[in-house]
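This report refers to the structure that appears directly beneath it.
Taken together, the values in this text are just the output of simple stated rules run on the coordinates, not laboratory data. Keep in mind that this is a model prediction, so the values were computed, not measured. So basically every Cβ, Gly included, is an ideal-geometry build from the backbone, and we count neighbours across all protein chains shown.
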Amino acid sequence: MSFKSLGLNNALLKAIEKQGYKNPSPIQEKAIPLVLEGKDVLASAQTGTGKTAGFTLPMLQILNDTKHPKFRPIRALVLTPTRELAAQVYDNVRQYGANLNMKSTVVFGGVKAKSQIATIKQGVDILVATPGRLLDLENQKALSLKRIEILVLDEADRMLDMGFLRDIKKIMSLMPAKRQNLLFSATFSKEIKELAAGILHNPVLVEATPENSTAEKVAQKIFRVDKGKKTELVTKLITDGNWKQVLIFTRTKHGANKLTKKLIASKVSAAAIHGNKSQGARTKALAQFKSNEIRVLVATDIAARGLDIPLLPHVINFELPNVPEDYVHRIGRTGRAGAKGEALSLVCIEEMEYIRQIEKLLGQKLETEILEGFEPQNNDEPGKPNSNKPKKKNHTPRNKSKNTSKNASQNANNNRKRNDTRSSRRENSKRR
Ligand code: AMP
């Protein structure tokens with residue numbers, strides 16, 4: 001299928017060609033005609049599937065076809081959870097709309113509002129925004145949402161995770177009731193379905209990938225290792241593999257800083273990106289990472305949301321997320337738009353329960369490996385009466401022992417029995 005057959009105009013087709021896209025991705029194939037028809041769309045699409053073009057291209061076409069002759073009220077609003085995603089969506093809006101007479105801008109917190117206000121005053125058709133700054137500006141009467149015709153909620157699941165539900169409801173109340181609504185989400189929890197029910201009118205459901213599934217081309221692997229040996233292992237993997245672009249996830253901002261320092265001390269160039277960093281530092285770190293000035297970007301889940309790094313080959317979970325859906329988001333950073341990628345997780349005994357939750361969500365068991373010199377010494381899972389001591393460490397004398405750990409899968413089998421009694425705890429953690 002071609003982009004042309006989706007009903008897009010020549011100006012957009014030219015811009016798409018400039019980007020080098022040959023064919024629409026599955027989500028684009030499904031969403032673009034529906035959006036052009038004016039339908040409300042509820043789309044399940046993980047990062048890296050091309051979802052941004054999936055809503056931006058038809059949105060530009062609709063606005064272009066119905067241009068207001070005299071002045072430019074904001075007619076389309078794209079809400080995103082993070083600054084980085086807002087900046088990235090705005091970049092795409094500009095690229096795809098390069099051949100149209102369409103004005104757009106982006107507003108988010110962490111930077112001064114003055115120039116944002118000045119740009120809006122000059123008239124914009126499309127506004128990309130994070131919820132907090134948008135409400136700030138609306139409060140100051142620096143913008144009005146009364147003429148919104150199209151609303152896009154991008155990464156809606158993450159917006160809920162980040163506690164934006166109240167802000168979203170407030171923003172809804174500032175818009176006309178009659179409008180086209182598009183909601184994109186990587187995961188489809190009960191909460192997302194509830195939010196969608198309150199916003200969308202007779203939506204068409206579009207699922208580009210099976211619910212909560214990970215990108216097919218991502219090779220996933222677990223390295224069992226003790227907590228205290230993780231930094232050494234991660235450094236070894238990067239240096240032995242001569243990896244040039246690695247995104248590492250830690251659970252905490254402090255952990256991200258600590259690991260970054262240790263990597264730099266081991267002569268692996270790295271920078272951290274998290275909520276305590278200024279917008280300037282975040283933008284700089286990302287730019288350095290994209291241009292290969294630094295090899296490693298260490299990020300927390302929230303900061304990493306919305307990073308667009310094409311063809312990112314390696315993602316490492318230095319620590320596993322305690323919300324299994326975050327694992328799906330994290331590994332969505334690799335294997336983007338059909339490229340191959342590798343997602344590795346360093347898992348200590350304290351994280352075995354997280355692995356079980358993740359495997360349950362994915363509906364698959366993950367391959368486990370133990371590297372020579374990094375055999376876990378601690379095999380007592382917290383809160384378990386019996387220790388999960390591996391029966392025998394049968395690694396080969398080679399560099400990498402492809403001990404696709406019988407022990408680990410045996411342990412996992414044993415542990416599966418205990419899983420049932422833990423379902424209520426899992427539910428709680430999902431809700432968080
Ligand atoms: P997204 O899921 O919107 O974050 O897009 C992921 C990446 O895929 C971005 O780098 C886009 O530039 C790229 N992309 C989007 N659509 C296509 C397409 N049809 N063909 C190839 N790459 C694409």
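Largest first and in whole Å, give the semi-axes of segment 218-369's equivalent ellipsoid, each being the square root of 5 times a Cα gyration tensor eigenvalue.
Ellipsoid half-lengths, sorted descending, are 22, 17, 15 Å.
Given the convex hull of the Cα atoms of segment 24-125, what is a quarter of its surface area in nm²?
If you wrap the Cα atoms of segment 24-125 in a convex hull and average its projections, you get 7.0 nm².
Longer than 30 Å from Cα to Cα, which of K51/K178; K114/K262; K70/K141; K30/K253; K39/K67; K262/K360 are they? Say none if no pair is.
Over 30 Å Cα-Cα: K114/K262; K30/K253; K262/K360.
Please report Rg (one decimal) and Dmax (integer) in Å for the Cα set of segment 9-51.
That works out to 11.3, 29 Å for Rg and Dmax.
How charged is the neighbourhood of G109? Take every other residue with its Cβ under 13 Å from the Cβ of G109, and add Lys/Arg as +1 and Asp/Glu as -1.
Counting the neighbours of G109, the net charge comes to +1.
Give me Rg/Rg_expected for segment 4-207, where Rg uses Cα atoms only and Rg_expected = 2.2 N^0.38 Å with N residues.
Here the answer is 0.95, to two decimals.
Under 11 Å from a label point 7 Å along Cα→Cβ of N202: give me every residue in segment 27-44 with its amide N that close.
The answer is 39-40, whose backbone nitrogens lie closer than 11 Å to the label point.
In percent, how large is the relative contact order of segment 1-113, given Cα pairs closer than 8 Å and 6 or more residues apart?
Relative contact order, segment 1-113: 30 percent.
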